[in-house]
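> Take this structure, written in structure tokens, and hold onto it; I'll ask about it next.
The values are calculated or read from the model by the stated rules, or taken from the named source; none is laboratory data. This structure is a prediction, so every number in the text was calculated from the model and none was measured. A quick note on method: Cβ atoms are made from the backbone with ideal geometry, for glycine too, and the neighbour counts reach across all protein chains shown.
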Amino acid sequence: MSDTQAAVRVDHRQYGDAAIMLTVVAADKTVRGRTTRSVRTQVLAARVDGVTDIVAGLDSILVQYDCATHDADGIDAALSEAVDAALKADATGVPGRRFVIPTVFGGDFGPDLDSAAEELSISPSELVARFTESAHMVELLGSGTAPMMRAPYLGGPLARRSAPRSAVPGGAVMAAGENSIIGPAPGPSGWRILGRTPLALFDIHRDPVVAYGPGDHFTFVALDASEWNDRLGLPLQPIDELS
């Protein structure tokens, strides 16, 4: 048994009448995230008969199935094989890809940049420098396929807004706690808006509708507002695969 296998396990729990929750248990947060992504990959690849949906979280995967035609024991046995395959691979998962996100920070594009910097006792320019200095890893896809990421250390966790906005424009680059996120489409949010990207994150005519997934890395680069129209609506695509 490898060190990774000894340090991590995956618990199976019946979740209602038609779902099984797979929860990754490990002391190390990085191991939990990596193993969760690996298990998700193996479960998807297994194409278990009867499974109707798979929802991945930070350290868990909810597998829904048709309980009218399949029993829990059969589904769980198939999931166990997928979990074993992930653990035997030392939970390295599939190679991530790298994306570059041009972002206009501050002003009308990032109305919370100044207040967020003040909260962290740094200047707005220093906050942008910290936000862009290293990659943000996608941990899961949130509502509307929003990529929720583990952000670089910004100087401390950022509080959410006391009053969430009812309408945030698509492409908003936001941060809260120790995470970052991009809103692919307009919608409400209580996250702090630091900037906005002109790129189109999703395409409803593409399968899948987004090019990114858990384990991918986003690098944000500052974009001058004068270049916004030149990039507006361009599709987000990976620039390479991480080794």
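> Can you find a residue that is in contact with a Phe, Trp or Tyr (Cβ under 8 Å, 6 or more places away or on another chain), in the same structural domain as Asn229 (by TED's automatic domain parsing) and closer than 27 Å to Gly213 by Cα anywhere in the range 74-86?
Scanning the range 74-86, I find no residue that is in contact with a Phe, Trp or Tyr (Cβ under 8 Å, 6 or more places away or on another chain), in the same structural domain as Asn229 (by TED's automatic domain parsing) and closer than 27 Å to Gly213 by Cα, so the answer is no.
> Follow-up question, since we're still on this one. Which residues, counting only those in the range 126-153, are over 28 Å from Val209 (Cα atoms) and modelled with pLDDT of 95 or more?
Glu126, Leu127, Val128, Ala129, Arg130, Glu133
> Also: Show the residue pairs meeting these rules: Cβ distance below 6 Å; 6+ apart or different chains; first residue within the range 23-48 and in contact (Cβ under 8 Å) with a residue 12 or more places away in the chain and surrounded by 22 or more Cβ atoms within 10 Å (Cβ to Cβ); second residue in a helix (DSSP H, G or I) and not aliphatic (A, V, I, L, M).
Correct list of pairs: Val24/Arg32; Val24/Thr35; Val24/Thr36.
> Could you please give the count of residues in the range 149-182 that are part of a loop (DSSP other than H, G, I, E, B) and over 17 Å from Thr219 (Cα atoms)? Talk me through it step by step, then tell me what you get.
First, the residues of the range 149-182 that are part of a loop (DSSP other than H, G, I, E, B): 151-157, 159-164, 169-171, 178.
Filter once more, so that each one left must be over 17 Å from Thr219 (Cα atoms): 155-157, 159-164, 169-170.
Of the residues in the range 149-182, 11 are part of a loop (DSSP other than H, G, I, E, B) and over 17 Å from Thr219 (Cα atoms).
> Mind listing whichever residues of the range 3-55 are of a type in the set (Lys, Arg) and either outside any helix (DSSP H, G or I) or at pLDDT 90 or above (or both)? Give the derivation first.
At the first step, the residues of the range 3-55 found to be of a type in the set (Lys, Arg) are 9, 13, 29, 32, 34, 37, 40, 47.
Those that are of a type in the set (Lys, Arg) and either outside any helix (DSSP H, G or I) or at pLDDT 90 or above (or both): Arg9, Arg13, Arg47.
> Here's another thing I want to ask about it. Return the residues of the range 23-68 that are more than 18 Å from the chain's Cα centre (by Cα) and among the hydroxyl-bearing types (Ser, Thr, Tyr); say none if nothing qualifies.
The answer is Thr52, Tyr65.
> Further question on the same structure: Being in the same structural domain as Arg196 (by TED's automatic domain parsing) and under 15 Å from Gly110 (Cα atoms): is that true of Gly144 here? So that I can check it myself, show each step before the final result.
Numbers: in the same structural domain as Arg196 (by TED's automatic domain parsing): yes; under 15 Å from Gly110 (Cα atoms): no.
Judged against the criteria, Gly144 is not a match.
> With Val168, Val173 as the choices, which residue is at pLDDT 95 or above, under 17 Å from the mean Cα position of the chain (by Cα) and of a type outside the set (Gly, Ala, Ser)?
Val173
> Pull up the range 53-74, narrow it to residues that are in contact (Cβ under 8 Å) with a residue 24 or more places away in the chain and over 16 Å from Thr23 (Cα atoms), then point me to the one that is surrounded by the most Cβ atoms within 10 Å (Cβ to Cβ).
Among residues in the range 53-74 that are in contact (Cβ under 8 Å) with a residue 24 or more places away in the chain and over 16 Å from Thr23 (Cα atoms), the one surrounded by the most Cβ atoms within 10 Å (Cβ to Cβ) is Tyr65.
> Do we have any residue at all in the range 69-83 that's part of a helix (DSSP H, G or I), under 25 Å from the mean Cα position of the chain (by Cα) and not small (Gly, Ala, Ser)?
The answer is yes; a qualifying residue exists.
> Which of the residues belonging to the range 191-234 are free of Cβ contacts under 8 Å to residues at least 60 places away in the same chain and surrounded by fewer than 12 Cβ atoms within 10 Å (Cβ to Cβ)?
Selection gives Ile204, His205, Arg206, Asp207, Pro208, Ser226, Asn229, Asp230, Gly233.
> So which residues in the range 101-137 are in a helix (DSSP H, G or I), closer than 17 Å to Gly177 by Cβ, touching a residue at least 60 places away in the same chain (Cβ under 8 Å) and not hydrophobic (A, V, I, L, M, F, W, C)?
Correct list: Ser115 only.
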